[in-house]
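Notes to accompany the following structure.
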Number of protein chains: 2
Amino acid sequence: MGSEDSKPVRIGLLGRGTVGAAFADLLGERAGAVEAATGRRPEISGALTRGDGDFTAILESSDLIVELIGGTDPARQYVLEALRSGRPVVTANKQLLAQHGDELFAVAREAGVQLRFEAAVAGVIPIIRTIQESFGVTEISKVFGIVNGTTNFILSEMAASGAGYDEVLARAQELGYAEADPSDDVSGADAAAKMAILARLAFHTPVTLSEVTFEGIEGIQPDDLAYAKELGLSLKLLGVAERRDGGISVRVFPCFLYRGHPLSPIEGPFNAVMVEAPAITEVTMSGPGAGGVETASAVLGDVVSILAGDAPVHETRVELPLVGDVTSSFYLHLEVADQPGVLARLATVLGDHDVSVKSVVQRGMGDEARLVMVVHECLESRFAQALEALAGLDDLRSPPRSIHVIEEEY
Amino acid sequence: MGSEDSKPVRIGLLGRGTVGAAFADLLGERAGAVEAATGRRPEISGALTRGDGDFTAILESSDLIVELIGGTDPARQYVLEALRSGRPVVTANKQLLAQHGDELFAVAREAGVQLRFEAAVAGVIPIIRTIQESFGVTEISKVFGIVNGTTNFILSEMAASGAGYDEVLARAQELGYAEADPSDDVSGADAAAKMAILARLAFHTPVTLSEVTFEGIEGIQPDDLAYAKELGLSLKLLGVAERRDGGISVRVFPCFLYRGHPLSPIEGPFNAVMVEAPAITEVTMSGPGAGGVETASAVLGDVVSILAGDAPVHETRVELPLVGDVTSSFYLHLEVADQPGVLARLATVLGDHDVSVKSVVQRGMGDEARLVMVVHECLESRFAQALEALAGLDDLRSPPRSIHVIEEEY
């Protein structure tokens, strides 16, 4: 920001949906505080909406661009053009960063301007700043958490009420916690985009959305939640990015957590992220994962950092391979024929695949008989083979159902 | 930092206790990462210990000072001299900042150099950066939390084991969670210093240690914890800094929290801090509150920010009065004579002082009879008067005991 302190900073605002409108309001309210903190008064010099405004004119009359359109097209072109013209950009656009991060960071570096995006992951929780700045030289071993509020609301409600997925989803839509087309959230795709961003920052390695495997919550059954509650487990849709076997693994999956795990009490539409490293043990941060004014606050924090003259974050780069097959514990739900020797036959199949049973509970009789197990950590590929072998037995009345479990005690 | 990128950054280290030694080790390990992130390789150019080293010589041969001596004297003189000589300073010294913050910030501002102190509050939890940078222009309404790990360990252990204060304190000392002279921690004085720092940053107003009222945990009885558990309450030593009645209130006191409160699951030597504001709802951050390498990590994060060229944080200033009398809910433990009409007489005294009872449970009979109450929010001064009036009744076998309660449901 080269201009003198006396002139206002002209902000070009792209997008005027919920977050865009909230940002414009918040900026108006806090303009005095921004001026006190940075020496420069911000003002919105132009706003682009779907129906109105000309990007080139807005760009030319602005010192800084705030991109809140969402999606990759035309957001990508706009952000690239802004960076190339030497204007810093603040964006809340997770898809843009997850799919085109390499290109965007390279252009920002070349142009010597800042690209900030705190609002793209976990709303107002300052996880981006914490990873990039506080822990910028820390050898992070794992970043994981609840980064999608819609699914956390649905899972919390299912666990509390015993209601089924479809019923709770409808309630979430009524309350505005889920969109009319919820597929991006409930499939885990939204969380995958956020984990791609966090993994890139934590491990200083290029990660793109296509490399993140994800599994959603559409298949979760109310009885899984009921049995799990008896075992002291709570279900979360987790995003996990971690160092494993000399590479990294970045995944999204529904996962049971034991009581006492720091993420276990996170309920409703909240998000929470944990960062682990030998030198910090673990830090957990939680807060609202969405919301107009909360997201706008995160955007404003980035704008203030740029106006205050903070240095761009240096990108260091290593190339770490993505590890496909990792170990995990699992919850396993088997609808079994109520016959002598069933448990022995199933346990033998599991044992043949090096899957060892931690706990098993039998429920119901006759046509209702089922076994609910937790198995110790094993290679996911071995577990998948064990599931296939189980499915081939005559002892099962339906295909086996499994959900990840984090066994660690906290 | 004016020198060229090729030269190493010379760090003068004051203090080589647990944190100092951990910092020196960590800096050695991460020097390459620091260079990759900032373009400059750090090295320790000199270290001052109690028995060895000359401050002036260390200062002259350094570009940046890391102060880890603790205490205010000679730390204050050293830090002031370093700032006046144009060298940025990173410190973990809460007493120094809580007692001499005004002077230190003024000198840093005049000299145009940075004074950073993430490690002074809540160890590796990035609460200072979050308040100053992410929420630097947010109108924070409340910052509160568990900022002393020693007392949180003692209270967790007392609640879990039913053991008394003295026994658990001895265990904490054995485990290294409490010092040989634990008074600074258990009296609440340590937490008060941290809250003075957080209040200053959150409200942009000068707060010094002498303005923070504090109450410790020495008087907590095992039966208070037992009764509270039945009521679904957990006990924490809370630091609270909040806007109240046009001013601010900054206090430290033991406090019961209802289950579901985000601070309720924080156990053992961990710290956790919550920030509330209309524009962010609430953000909670938790992690280890102490530990050599964790504290050293926080110091290193500050060093990296300075080397990266982040702008000094602008200090804005308003003058907010400290509000003495605020409202709170209370837990009240009364050892009563087991006679007809006792509850009515006690309730009348409370009512006369505008103190209204939320719940009451009678326990024991005869010489063991006691009433355990939770009262609704009321002015603390009125509650103190009510306690005095109760103590004057013949119905009590011992002076009334009370502990703060946060009633809010989360």
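The values are calculated or read from the model by the stated rules, or taken from the named source; none is laboratory data. In this text, all values refer to a predicted model and were calculated from it rather than measured experimentally. Quick reminder, even Gly has a Cβ in these numbers, built from the backbone with ideal geometry, and neighbours come from all protein chains shown. Just the protein is used for accessible areas: all its heavy atoms, side chains included, with ligands, DNA and RNA removed. Shrake-Rupley method; radii C 1.70, N 1.55, O 1.52, S 1.80 Å.
Taking the Cα atoms of the range A:226-304 alone, what are Rg (to one decimal) and Dmax (as a whole number) in Å?
Here Rg and the maximum Cα pair distance are 15.5, 48 Å.
With a sphere of radius 12 Å drawn around the Cβ of B:ALA386, what net charge do the other residues whose Cβ falls strictly inside it have (Lys, Arg +1; Asp, Glu -1)?
After counting each charged neighbour, the total is -3.
Which distances in nm, rounded to one decimal and ordered from shortest, link the label point of A:GLN77 to the equivalent label points in the other identical copies, with labels set 7 Å from Cα toward Cβ?
Ordered by distance, the counterparts are at 6.8 nm.
State whether the range A:274-410 is rounded, prolate or oblate according to the following rule on the C-alpha gyration tensor (a ≥ b ≥ c being the square roots of its eigenvalues): a/c under 1.5 gives rounded; otherwise a/b larger than b/c gives prolate, and the remaining case gives oblate.
Prolate shape, in that a/c is at least 1.5 and a/b is the bigger ratio.
For the range B:98-109, just list the computed ³J(HN,Hα) in residue order, Karplus coefficients 6.51, -1.76 and 1.60, θ = phi - 60°, integers in Hz, with x standing in for Gly and Pro.
Each residue of the range B:98-109 in turn: 5, 8, 10, x, 4, 5, 5, 5, 5, 5, 4, 5 Hz.
Across chain B, how many lysine pairs, 8 or more positions apart or on different chains, have C-alpha atoms separated by under 25 Å? Please give the number.
Going through chain B pair by pair, I get 9.
Restricting to DSSP H runs of at least four residues, report the calculated mean residue ellipticity at 222 nm for chain B, -39500 (n - 2.57) per run over all residues, nearest 500 deg cm²/dmol.
Helix contribution divided over all residues of chain B: -11000 deg cm²/dmol.
Quote to one decimal, in nm, the extra length available between A:ALA389 and A:ARG317 on full extension: 0.36 nm per residue of separation minus the C-alpha distance between them.
Gain in length upon complete extension: 21.7 nm.
Once you sort the root eigenvalues of the Cα gyration tensor of the range A:49-168 as a ≥ b ≥ c, which label holds: rounded (a/c under 1.5), prolate (a/b larger than b/c) or oblate (the other case)?
It comes out oblate by the Cα gyration axes.
What do you get for GluC sites (Glu not before Pro) in the range B:1-60 restricted to DSSP loop and a cutoff of at most 10 other Cβ within 10 Å of the site's Cβ?
B:GLU4
At B:LYS358 and B:ALA344, where each label point lies 7 Å from the Cα along Cα→Cβ, what is the point-to-point distance in nanometres?
If labels sit at B:LYS358 and B:ALA344, their model points lie 2.7 nm apart.
Give me the 1.4 Å probe accessible area per residue for the range B:1-83, excluding ligands and nucleic acids, in Å².
45 Å²
Compute the Kirkwood hydrodynamic radius of the range A:153-273, taking the inverse of the mean of 1/r over all pairs of distinct Cα atoms, and give it in Å to one decimal.
By the Kirkwood definition, the hydrodynamic radius is 15.2 Å.
Quick one: Debye curve from the alpha-carbon atoms of the range B:203-348 only, equal weights, vacuum; give me log10 I(q)/I(0) at q = 0.12, 0.19 Å⁻¹ to two decimals.
Debye curve over Cα of the range B:203-348, log10 I(q)/I(0) at q = 0.12, 0.19 Å⁻¹: -0.76, -1.43.
Can you give me the Cα centroid spacing of the range B:87-156 and the range B:258-295 in angstrom?
Distance between centres, Cα-based: 15 Å.
May I ask you to list the residues of the range B:380-402 whose amide nitrogen lies under 19 Å from a point 7 Å from Cα along the Cα→beta-carbon direction of B:ASP367?
B:395-399
May I ask for the accessible area buried between chains A and B, both sides summed, probe 1.4 Å, to the nearest 100 Å²?
3400 Å²
Provide a whole-number value for the mean count of partner chain Cβ atoms within 10 Å of the Cβ atoms in peptide A:272-281.
Taking all residues of A:272-281 together, the mean is 5.
Subtracting the Cα-Cα distance from 0.36 nm times the residue separation, let me have the gained length for A:SER85 to A:GLU179 in nm, one decimal.
30.3 nm
Of all the accessible heavy-atom surface of the range A:1-125, with the other protein chains kept in place and a 1.4 Å probe, what percent is carbon and sulfur?
Here it works out to 44 percent.
Using a 1.4 Å probe on the heavy atoms of the protein chains only, list every residue of the range A:121-136 that has 20 Å² or more less accessible area in the complete assembly than in its chain alone.
Residues meeting the cut-off: A:VAL124, A:PRO126, A:ARG129, A:GLU133, A:SER134, A:PHE135.
Taking 20 Å² as the minimum loss, tell me which residues in the range B:289-326 lose that much accessible area going from the chain by itself to the full protein complex (1.4 Å probe).
Output list: B:VAL293, B:GLU294, B:SER297, B:GLY301, B:VAL304, B:ALA308, B:ASP310, B:ALA311, B:HIS314, B:THR316.
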